[in-house]
Each structure stands twice: as structure tokens, then as C-alpha cells.
Amino acid sequence: MLVAVMTGPATFGQTLFTDVTAGSPDLSTNFVSTPGDGHGPGVIFNDLNNDGYADIYMIRSAGFSNGLFINTPDGPGRTFVRASGLVGAVSTANSNGAVSADYDNDGDQDIFVINWNQTHQLYQNQLANTGQFMFIDKTYGTDPTPGVNDGHHGLALSTHAGTRLDDGLAAAWADPDRDGDLDLYIGNHDEFYLSGGLEPGQKPGQRDIFYQNNGNGTFTDQTVAYGLEGFETATGAHSTDIQSYSSSQAVHWADFNNDHWPDLLVSNKVGGPDDRDMLYINRGANDQGNWLGMSLETYNLPTPFGHMTGGAMGIAVADLENDGDLDIYITDWSDLSQAPSAGQNDVWINQLSDTGTLDFVHSNQQPSLFSWGTQWEDFDNNGFADIYVTTDMNVPDALYMNGPDGLSNIDTAALAGLTETYIGRGSASADFNRDGQTDLMVINPWNSNASNGVSKLYENTYDGENHYLVLELVGDHTTPGPDGFFSSRDAIGARATITADLNGDGVIQDNETLIREVASGTSSAGSTSSLGLEFGLGLATEAFVHVYFPSGRTMSFMAGVDQYLLVDERAFLPGDLDGDGFVGINDLTLILSNWNQPMADAHPLADPSGDGFVGIDDLNTVLGNWNSGVPQAANIPEPTTLGILFLGMTAINRHRR
């Protein structure tokens, strides 16, 4: 199904954004973001100190400290104040970007800094363990076998064919094996086909890296074991006469085939005839629960995929049509003279919901020269994801609005208040003032050809009648789900599905079901947007929410609009053995069908008492909470520096008009 082109955007002529950078002097006057390589830098726009508000972590190149800016009350508004000393993860390396996630499952966000021609850095947040908000460099502690020259050195170093893999440009956290421990993928960039920076005899490209989390703070390079090198020709080769691997620009984990296993998309600079963007599909697990790894599907898709953009850059993923599958947007750094795309970005429409087969059809192209970072968010809260594009070469940034009639090809950035004409790179989105509108952080690095170099914070000031709902998810990394899988603490990879009457006509239409996934590592040049799931709900006054956690547990409930909700997987009541949010006949049947059996023969979930035997204790666990719903969601009131208070909300069955 191709996307229809609208005659006008959903929100036309209305100012959506206001430049509020000057309200944070530390951002606007005391910090100039600079890339370790010309393709960066990125940015983190996520809550790092657990106060409920998104902070900003920005990048500088060698010899200058990266900057951590804390979201701080300022009268009725907010301002960003730079942290000092050890608090700020003060890398002085040649940095390109950073991604944040709770890699150690202790309840706070850690920072991974992507460096250029240098060792990357992993900063562990100490807030949850010590109560003190500061970061400690744990990079060299990630070696699984310290002192042993076995080729595995943790996040400090990976090599291939005797060459250091240290041209990092992008990274993303995910849990593709669903063991509850976050793994890390790094996209490396080393020139490209016909690049002017190549030495005589040099071929462009560098192998990407997949680091598997060992669950004890260490990581092992398992790239080759799982076939995730980031580039492969149709014949299976990783090196050709003109290139060796490829130059990755962005990486993004998402479940494209709706099987609850995260897949991986890598954008590559498409210059050589064999170059492609790489789409890896997760193979899931076997009957014993062992992860089977990934499979490259770029060349197996029915429609040719990944060879349109002349200089693929950023990646954004969203359900463009609200049809139940995730679509792809890839930005393109090229001008009108470059083939094959001639300066136009790519929309790839997922055909899974229409045909039952994973396939991507190349649809409308939103023209925008020299494009880099991108955000696919619902900026006017009408229930349909819009596209923002950061651009280079003093070309204006672009904004394309989306609605029930389809994605517009009309650029409304200037009308919306986004008057960016700088040397733009990475971008990230978050609701930094918790008013229900998604804001933007845009990185404009210092450049010898530009006089500004000031990155921009844009507040979304939409004041229409559309509503919103924001979900903050917490996973359970200690207790297995129905099939023995786990979630990470910050629920990376979880998917929330919301059904709501977006147009307020009293009937749920086919395009009024929305999906979002928790992801760390988006846009381009190593950036991280807020891990909160921000939904625009149009004119709806209530919403049915269904959350699927990576463990396999699900939660379903009705929610009112215009609020933040905490959905905590750990809130399951004893007795909810099948994880459906209700203690009832299914749980009783599980006990009785395994009655009086030792655990060697019984279903593992049938022994909630943990005594190794299915018997009266397990039956009492179910009967003790019989016919009870699980308190699954909690309203998040205004947070304080002491933490977030939780109020229970009872789960109820799905309601549909």
C-alpha cells in the first residue's frame, strides 16, 4: 500500500515550535558542539538523573569535555544547567555521539560514548547504587577475560584482520536475545566509494561490531558469530574490488515483522554498485529457548530494498499509516546531481499488515537536500507521526506533517517555527517540560564555513485541542516470562499498542490503532531520544493500552488522556502465571495440569512457590488472588528530586466501541 499525498498538512500554517535555546545560557553561550569526525555529532535527550525530566548530553571533539546539561526548574519553565566535575561523564576523547540505556539493570541510565579513532567509553551511572548522581568510566572493566589475548577485549577494543575497529559513528542498545541484558551494536564509518579522502590503494569501509552482554558487566564481540558485519553483497561477500565492508551512518533496532523479536536496520552510504542498507531479521529462539541469531534479509525481500539513497544517513522508524506495522524513513546526503536518489529521502512502506509478508515498497520521497538526523514523531498530537529532517550545507531543515489522508510532501518547517539553516547533524526528541508536546534538540556543530555552531532547543508550543498519553515502561529483568525470556530494566524493545477514537466520531476506525517501541539509538550520528513512549491521541478522551514486554508478559488497561503513566512489569500479582494481567482459570488450569509433578516434568511457571514441586502451595498462590486484576499502570505525578511516587491503577478488560 502506497501512502497518499495530502493536499495540505494536518497542521498547516500554525507555529508548532519556539526556539528557547537562549533560555539555557549554558547551552547557547558556553558550549559549541564539535564532531570527532565530520559526520557527527549526535546527542542524548533523555532523563539521566531519574527526576522525570529529559536532560541533554552533548559532544565535543578531542581535548574538550563533552557536556551534560541538567533539566532544572526556572520559575514556571525549565532551563538546562551544565553539570561540573565527575558528574558530567567528562570524556575529552574525539567523540562522535552517545547513546544511553540502563545496561546494568540497576535503575538508572548509563552513557556509551562513541569515539573516532580512539577507544569508546562506557560511563556507569552511580545514582541507583550510591544515591549520588555521577558517572564512572567502566570501559576497561568490560573485558570478559582480562589479561588474556583471545581477541575479546570488551568495549575497549575490537579488531578485524589485524585492524582496530575504531571508526565509530553510530550505536544502539537492544536485547535481541531477550535475556534481559542489553547488547550493543556499533556502526563504523571509514570513507565511501569514490571518496576524496581515500589513500592510494585504500578501500572504503570498516566492519561493524555487535557486542553481546555477558550479564556480568562484560561484553564479547560476537559480530561474526551472528553474521552482523553491517555489509554483505548479494553473493555473501563482505569485501569487493572497490570496498571492504561499508560505511555505516545509523543503526536502529525495531520489530519489523511483528514477531516480538527486535530486528536491525543499518544505513550505509550507497555509492558502490554492491552497496545496500542492511536489514537483519531476528530468527528468534529454538524449542530449548536458545537464541538463533540474525538473518540478513536485504536481498530476500520481494521488492528491491536499500539501494535508493545516494548517501544514506539517518534512520527513523514509525507506523506511518497506523496499520499495525513499522515503516522506515532514511535520509539522504546528496544533491540534485547525484544518482540514484537525486537529493530525495526515502519512505519504505511495510507491507506486512496488507499482505502478511514482510516487504517494503518505496513510496513518496520528501525532497530535502543534504539530510542527516531525523525524527518521526507526532508533533501536533493528531495520532499520526510527522517527519523532521536535519540538513547540512545551509539548506533549511524540513518538516512534513502526517494525518488520516497520508503524509504530506509539503515542507512546513518555516511555517512551524523551525527556521534551521545551519550545518545540522544529529537530532533527538523528548517532552522536556512534560506538557505532552514532543520537543526537539538539534545539533548544529561548529564548522569553519559557518559562523554559528550553536545547537538549538525547540519547544513544541502546540496549543490545539488534541490530547496525549505518555507511557514510561519498567521491565522485570529478574523473573522470566511465560516462555522463559526476560526484559531489561528500562524495557528496551517493549511495544505499546494504543487504540483510541482519534477523530472523536464515536467509532474506532482501522487507522486509529497506534504502536510505539522503546528504543535507544536513533536519528543519526549516535543519538538517543527519550525512552518514554509519547502518543498523540487526537480528540479521544480515553485509550485502550496494551503493552508487550520482551519477557512475553502483557498488560492491558484503559487510560484517560493528558497524563504520564508508569507501566511497571514488576507489578504482577503472585498467581498470574501466564502473565495476562489477571488471575483466573488459565492459571488454575496450569497448576492442575501439572499437579503433583516434579519440576523436571512440569511447566516451570506451575511452581510459583519455588519449592521444586507442583502442589498445594502453588494452588494456594493462585486461589489467594483469584479473580484479581494486576495493578499494572501508575499515574506519574510531578516528579521531585527525591524520586517518582507511584499510584496504583486497576487493570480492566479491553473496551471497544
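The values are calculated or read from the model by the stated rules, or taken from the named source; none is laboratory data. Source: prediction; values computed, not measured. With ideal geometry, Cβ positions are generated from the backbone for all residues, glycine too; neighbour counts draw on all protein chains shown. We work out accessible area using only protein heavy atoms, side chains counted, and drop any ligands, DNA or RNA first. Shrake-Rupley method; radii C 1.70, N 1.55, O 1.52, S 1.80 Å.
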Residues located in region 74-94, provided they are touching a strand residue (DSSP E or B) at 6+ places or on another chain (Cβ under 8 Å) and in contact (Cβ under 8 Å) with a residue 60 or more places away in the chain: ARG78, PHE80
Test result for LEU352, within 12 Å of THR331 (Cβ to Cβ), open to solvent by 10 Å² or more (accessible area, probe 1.4 Å) and either without any contact (Cβ under 8 Å) to a residue 60 or more places away in the chain or of a type outside the set (D, E, K, R) (or both): no
Residue check, ILE136 in contact with a Phe, Trp or Tyr (Cβ under 8 Å, 6 or more places away or on another chain) and surrounded by 24 or more Cβ atoms within 10 Å (Cβ to Cβ): no
Residue, modelled with the lowest pLDDT, within region 569-583, restricted to residues that are open to solvent by 10 Å² or more (accessible area, probe 1.4 Å) and in contact with an Asp or Glu (Cβ under 8 Å, 6 or more places away or on another chain): PHE572
Filtered residue count, region 525-542, keeping only those that are polar (S, T, N, Q) and over 26 Å from SER487 (Cα atoms): 1
Which listed residue is surrounded by 19 or more Cβ atoms within 10 Å (Cβ to Cβ), assigned to a loop (DSSP other than H, G, I, E, B) and not aliphatic (A, V, I, L, M), from THR15, THR34: THR34
Given (1) open to solvent by 10 Å² or more (accessible area, probe 1.4 Å); (2) of a type in the set (S, T, N, Q); (3) more than 21 Å from LEU184 (Cα to Cα), index of the condition ASN322 fails: (1)
Which listed residue, of PHE231, PHE256, PHE305, is among the aromatic types (Phe, Trp, Tyr), in contact with a Gly (Cβ under 7 Å, 6 or more places away or on another chain) and either crowded, with 20+ Cβ neighbours inside 10 Å or part of a loop (DSSP other than H, G, I, E, B) (or both): PHE231
Residue in region 72-94 that is buried (at least 18 other Cβ atoms within 10 Å of the Cβ), under 20 Å from VAL474 (Cβ atoms), touching a Ser or Thr at 6+ places or on another chain (Cβ under 9 Å) and of a type outside the set (Lys, Arg) present: no
GLY436 within 21 Å of the chain's Cα centre (by Cα) and either open to solvent by 50 Å² or more (accessible area, probe 1.4 Å) or of a type in the set (Gly, Ala, Ser) (or both): yes
Enumeration of residues in region 500-515 that are touching a Phe, Trp or Tyr at 6+ places or on another chain (Cβ under 7 Å) and surrounded by fewer than 22 Cβ atoms within 10 Å (Cβ to Cβ): none
Condition check for ALA237: modelled with pLDDT of 90 or more and over 21 Å from the mean Cα position of the chain (by Cα): yes
Candidate set: region 52-71, residues that are more than 19 Å from THR29 (Cβ to Cβ) and open to solvent by less than 20 Å² (accessible area, probe 1.4 Å); chosen: the one nearest to the chain's Cα centre (by Cα): ALA54
SER91 being among the hydroxyl-bearing types (Ser, Thr, Tyr) and assigned to a loop (DSSP other than H, G, I, E, B): yes
Out of ILE423, ILE410, sole residue that is over 19 Å from ILE443 (Cβ atoms), assigned to a loop (DSSP other than H, G, I, E, B) and hydrophobic (A, V, I, L, M, F, W, C): ILE410
Within region 413-428, tally of residues that are closer than 15 Å to LEU369 by Cα and in contact with a Gly (Cβ under 9 Å, 6 or more places away or on another chain): 4
Residue within region 549-565 that is open to solvent by 30 Å² or more (accessible area, probe 1.4 Å), closer than 23 Å to ILE387 by Cα, in contact with a Leu (Cβ under 7 Å, 6 or more places away or on another chain) and not in a loop (DSSP other than H, G, I, E, B) present: no
Region 267-298 - residue that is outside any loop (DSSP other than H, G, I, E, B) and at pLDDT below 95 and, of those, farthest from ALA496 (Cα to Cα): ASN268
Long-range neighbours under 8 Å by Cβ, at least six apart or interchain, first residue farther than 30 Å from MET313 by Cβ within region 278-294, second acidic (Asp, Glu) and modelled with pLDDT of 95 or more: GLY284/ASP259; ALA285/ASP177; TRP291/ASP177; TRP291/ASP179
Residue that is surrounded by the most Cβ atoms within 10 Å (Cβ to Cβ) [pool: residues in region 185-215 that are touching a strand residue (DSSP E or B) at 6+ places or on another chain (Cβ under 6 Å) and aliphatic (A, V, I, L, M)]: ILE186
Residue in region 173-184 that is open to solvent by 50 Å² or more (accessible area, probe 1.4 Å), at pLDDT 90 or above and part of a strand (DSSP E or B) present: yes
Some residue of region 467-487 being hydroxyl-bearing (Ser, Thr, Tyr) and touching a Pro at 6+ places or on another chain (Cβ under 7 Å): yes
ALA414 vs. criteria open to solvent by 30 Å² or more (accessible area, probe 1.4 Å), out of contact with any Asp or Glu (no Cβ under 6 Å at 6 or more places or on another chain) and at pLDDT 85 or above: yes
Odd one out for LEU473, checked against (1) under 30 Å from THR421 (Cα atoms); (2) modelled with pLDDT of 95 or more: (1)
VAL507, sole failed condition from (1) at pLDDT below 95; (2) within 16 Å of SER100 (Cβ to Cβ): (2)
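Residue-wise test of (1) modelled with pLDDT under 90; (2) over 23 Å from HIS39 (Cβ atoms); (3) not in a helix (DSSP H, G or I).
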position	(1), (2), (3)
TYR103	no, yes, yes
ILE136	no, yes, yes
VAL148	yes, yes, yes
LEU169	yes, no, yes
Tally, over region 259-277, of residues that are under 17 Å from MET313 (Cβ atoms) and either surrounded by fewer than 18 Cβ atoms within 10 Å (Cβ to Cβ) or of a type in the set (D, E, K, R) (or both): 4
